[in-house]
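Student: I have a structure I would like to understand better, so I am pasting it below and will then ask my questions one at a time.
Read the figures in this text as sums done on the coordinates, not as results from a lab. Being a predicted model, the structure only gives us computed values, none of them experimental. A quick note on method: Cβ atoms are made from the backbone with ideal geometry, for glycine too, and the neighbour counts reach across all protein chains shown.
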């Protein structure tokens, strides 16, 4: 993760945007008062939102219960059935 002061952000916004978009780096912005913001690439942000979605969490729990009961197939088995 990159840590940037407000001054660095002002000078290097273009490079930091490239780091976030291309290199998938997170950028933590801070100043003398402490941490102020974090910048993530859009895909990482979408992933976080998806993980926080209650319906998604419900489906994960249901899938885990099925797994524990042994109701699962391997990828190879699934592909053979398609």
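Student: Mind counting the residues in the stretch 31-82 that are within 30 Å of residue 7 (Cβ to Cβ) and without any contact (Cβ under 8 Å) to a residue 24 or more places away in the chain?
Tutor: Final tally of qualifying residues: 14.
Student: From the residues in the stretch 41-72 that are touching a helix residue (DSSP H, G or I) at 6+ places or on another chain (Cβ under 7 Å) and not in a helix (DSSP H, G or I), which one is surrounded by the most Cβ atoms within 10 Å (Cβ to Cβ)?
Tutor: If we take residues in the stretch 41-72 being touching a helix residue (DSSP H, G or I) at 6+ places or on another chain (Cβ under 7 Å) and not in a helix (DSSP H, G or I), then 41 is surrounded by the most Cβ atoms within 10 Å (Cβ to Cβ).
Student: Still on this structure, please answer the following. Looking at (1) surrounded by 13 or more Cβ atoms within 10 Å (Cβ to Cβ); (2) part of a strand (DSSP E or B), which is the one condition that is false for residue 35?
Tutor: With respect to (1) surrounded by 13 or more Cβ atoms within 10 Å (Cβ to Cβ); (2) part of a strand (DSSP E or B), residue 35 is out only on (1).
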